[in-house]
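Data first, discussion second: the structure below is written as structure tokens.
The values are calculated or read from the model by the stated rules, or taken from the named source; none is laboratory data. Since we're looking at a predicted model, the values are computed, not measured. Cβ atoms come from the backbone with ideal geometry, glycine included; neighbour counts cover every protein chain shown. Each accessible area value is taken on the protein alone, full model and side chains, heavy atoms only, with ligands, DNA and RNA left out. Shrake-Rupley method; radii C 1.70, N 1.55, O 1.52, S 1.80 Å.
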Amino acid sequence: MKPLPDSRGYFGPYGGRFVPETLMAPLEELTQAWQEARRDRAFRRELAELLSTYCGRPTPLSFAGRLTKHLGGAAVYLKREDLCHTGAHKINNAVGQCLLARRMGKARVIAETGAGQHGVAVATAAALLGLHCRVYMGTEDERRQALNVYRMKLLGAEVVGVDAGSKTLKDAINESLRDWVSSVSSTHYVMGSVMGPHPYPVMVREFQSVIGSEALLQIRKQHRSLPKMIVACVGGGSNAAGIFSAFVPYRQVDLVGVEAGGRGTRLGEHAARFSGGTPGVLHGTRSYVLQDQHGLVAETHSVSAGLDYPAVGPEHAWWHDSRRVTYVRVSDEEALDAFHLLSELEGIVPALETAHALAYVSHVAPRLGPGQAILVNLSGRGDKDVSEVARLEGVTL
């Protein structure tokens, strides 16, 4: 399988660039700047230095001994992206794109955020590099992720609440694109996942591929062989694409993406694009989209703000159709159970997004032999979710 899209940004029939004419020139400018930067040793050296000395890379690979014993099957390893500076994998991409913005002479960056981790990461990178930062966030997500809203403001970012539509990530992206259309000369849009128009899907995946590159070396050293399975949650899909990218050539490794099954199977009750969606165009790219029979984008639901999105990155759509990656769904209830399980057994409070991946592992690990390994991308820590979980469980803080 080819690791990159074609020159037009297509992964098979998915991807492309479906945007207003006013954004075509800035996207071409971005494509050229990124292609030049990735070939520039000085840029690569500065990025690697910041990932190491500022972001905390490489992140460790931890053997989850008590969880493994509890499940009674395959050995479970955790790729600890929760130990990155700011608490999630999002910082890898944010630092890369903010360096690129500075290289392009853009003094201002904008971003969308759902769970708040991308917003915090962009605000952090902008503060580090002296860029003005504005973050758009749905007001429902602001309510669920109040801690991250304050963190962004503390870092000097302007946080703009979006009260339209479902008041979640989809609507925050809409407002970010409107802003970018009117400010392209001075502004770079730091897209947070492997979605959007070309070159974002491949550029973000490349910035996140450091996860997979590290994990491949680490699992071989610690487990003495390749894992049987890699499991990662999938919203837009950046953490999954980051870790899957290194393992795609190894056909003996099963790759599993876990979507938000929400509270039911009807349209509007979940965010599982591959079990409830159809090919369509959203936010500048062609992929699987949750939509009705008239092509109208459906409302979504997930206990996890970071997975609450009606589309998915186009490379994931290609991996799905080519059967290289298997995509499954996990319910809100199962994710909440896994949130508690890892906390109690390993002393690690996972993000609700990651808890979806852990819930799937709790089902599949007992069916595999003890000589096999499952590698979970622990994409973020759950501090941001504690108050929302407490509210859902009727606990007063």
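Here are a few things to note about the model shown:
- For the stretch 372-397, taking the residues that are of a type in the set (Lys, Arg) and open to solvent by 60 Å² or more (accessible area, probe 1.4 Å), the one that is farthest from residue 247 (Cα to Cα) is identified as 391.
- Pair list, Cβ < 8 Å and 6+ apart or interchain, from the stretch 326-352 residues that are closer than 26 Å to residue 310 by Cα and in contact (Cβ under 8 Å) with a residue 12 or more places away in the chain to residues that are part of a helix (DSSP H, G or I) and open to solvent by 50 Å² or more (accessible area, probe 1.4 Å): 327/275; 327/320; 329/275; 336/392
- Matching entry among 331, 304 (being surrounded by fewer than 23 Cβ atoms within 10 Å (Cβ to Cβ) and either over 14 Å from residue 195 (Cα atoms) or under 16 Å from the mean Cα position of the chain (by Cα) (or both)): 331
- Qualifying residue in the stretch 290-297 (condition: of a type outside the set (Ser, Thr, Tyr), open to solvent by 20 Å² or more (accessible area, probe 1.4 Å), closer than 26 Å to residue 17 by Cβ and in a strand (DSSP E or B)): yes
- Scanning the stretch 372-385 for residues that are assigned to a strand (DSSP E or B) and touching a Gly at 6+ places or on another chain (Cβ under 9 Å) gives 374, 377, 380, 381.
- Test set (1) of a type outside the set (S, T, N, Q); (2) modelled with pLDDT of 95 or more; (3) under 29 Å from residue 68 (Cβ atoms) - residue 318 fails condition number: (3)
- Candidate set from the stretch 14-34 (those that are within 22 Å of the chain's Cα centre (by Cα) and not hydrophobic (A, V, I, L, M, F, W, C)); member that is farthest from residue 190 (Cα to Cα): 14
- Residue, farthest from residue 125 (Cα to Cα), within the stretch 52-64, restricted to residues that are touching a residue at least 12 places away in the same chain (Cβ under 8 Å) and open to solvent by 20 Å² or more (accessible area, probe 1.4 Å): 63
- Residues of the stretch 350-371 that turn out to be in a loop (DSSP other than H, G, I, E, B) and open to solvent by 60 Å² or more (accessible area, probe 1.4 Å), as a count: 2
- Residue within the stretch 249-256 that is open to solvent by less than 30 Å² (accessible area, probe 1.4 Å) and either touching a residue at least 40 places away in the same chain (Cβ under 8 Å) or of a type in the set (D, E, K, R) (or both) present: yes
- For the stretch 269-279, the count of residues that are touching a strand residue (DSSP E or B) at 6+ places or on another chain (Cβ under 7 Å), among the small types (Gly, Ala, Ser), more than 22 Å from residue 113 (Cα to Cα) and open to solvent by less than 30 Å² (accessible area, probe 1.4 Å) is nonzero.
- On inspection, residue 193 fails the criterion of being farther than 15 Å from residue 117 by Cα and modelled with pLDDT of 95 or more.
- For the stretch 205-226, the criterion of being surrounded by fewer than 20 Cβ atoms within 10 Å (Cβ to Cβ), hydroxyl-bearing (Ser, Thr, Tyr), farther than 22 Å from residue 99 by Cα and at pLDDT 95 or above is met by at least one residue.
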